[in-house]
Amino acid sequence: EQLGSATLEPAGSDPSDLFDDPLALAGLASAAAVAAGVLPEREPQPGAFAAFEALGGALRHDDIWPAVYVRFEAGILQALGFGLDLSRCAATGAVDDLVWVSPRTGRAVSRAAGEPYRDRLLRLPPFLLSAQGSLSPGDIGDGLALTGHFLDRCLFSALNRPLPAARVWLVDKLTEAGRL
């Protein structure tokens, strides 16, 4: 008797549009698994909700949703206090020609400062630096490697869990489809 009730009415397009797109479904499953695995229960996360909603809308657009997915994961890291600092070079303070990220600190590194250490740094895809950044071949793979490293190192390892199987599956599916 004391339980409340709610009436839900869908707004926008129907999510069943995604049922015919296995890659989009893999992206949705991965985002849900990552969010469920790291977000604290019963604690409001309006930023994560908005990011998940934006990703849901982007999944209908084959050409952009993988980039939006990478931004979603970067947003989850940010919401939980492990955001990447891509504003300036960690070594020199330069704001131009940022091409790598330190796997230890999550801070951007410029081409000149990082050249001697390039084999130990993570590549920084340009689309993470600017909303106008274009996508080049390999950028989505670099972005997934970057966010996956920090999700694993900062969040899932602290919980004694591996990255969700759905996220690993997403990377495999995108690789098979030639999207990475």
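Every number here is computed from the coordinates shown, using simple stated rules; none is lab data. Keep in mind it's a predicted model, so treat the numbers as computed, not measured. No Cβ is skipped: glycine too gets one built from the backbone with ideal geometry, and neighbour counts run over all protein chains shown.
For F49 and R179, what does the FRET efficiency come to when R0 = 25 Å and r is the distance between their Cβ atoms, rounded to the nearest 0.05?
Details: r = 26 Å, r/R0 = 1.06.
For F49 and R179, the calculated efficiency is 0.40.
Are there any trypsin sites (Lys or Arg not before Pro) in region 1-102 that are in a DSSP loop and have at most 12 other Cβ atoms within 10 Å? List them by number.
Numbers: sites: R42, R60, R71, R88; in loops: R42, R60, R88.
Taking region 1-102 and a limit of 12 other Cβ atoms within 10 Å, the loop trypsin sites (Lys or Arg not before Pro) found are R42.
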Check: When N counts the residues of region 77-127, how does its alpha-carbon radius of gyration compare numerically with 2.2 N^0.38 Å, as a ratio?
Finding: 1.06
Checklist line | q = 0.14, 0.17 Å⁻¹, the chain: log10 I(q)/I(0) [Debye, one scatterer per Cα] | finding: -0.80, -1.13
Check: Measuring from a point 7 Å past the Cα of D152 along Cα-to-C-beta, which residues in region 32-46 have an amide N at less than 18 Å?
Finding: 33-35, 37-38
Note to self: What are the ³J(HN,Hα) couplings of region 96-105, residue after residue, when phi is run through the Karplus curve with 6.51, -1.76, 1.60 and θ = phi - 60°? Round to Hz, x for glycine and proline.
What the structure shows: 10, 6, 7, 10, 9, 10, 6, x, 8, 9
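Work out which helices of the chain, taken as complete DSSP H runs, extend at least 27 Å along their axis over the Cα atoms and score a mean Kyte-Doolittle of -0.5 or more, then list them. Write down the numbers at each step before the final one.
Working: long enough: none.
TM-like helix candidates: nothing returned.
Quick one: net charge of A67's neighbours, Cβ under 12 Å, K/R +1, D/E -1?
Numbers: positive: R71, R179; negative: D62, D63, E73, D139, D142.
Neighbour charge sum, excluding A67 itself: -3.
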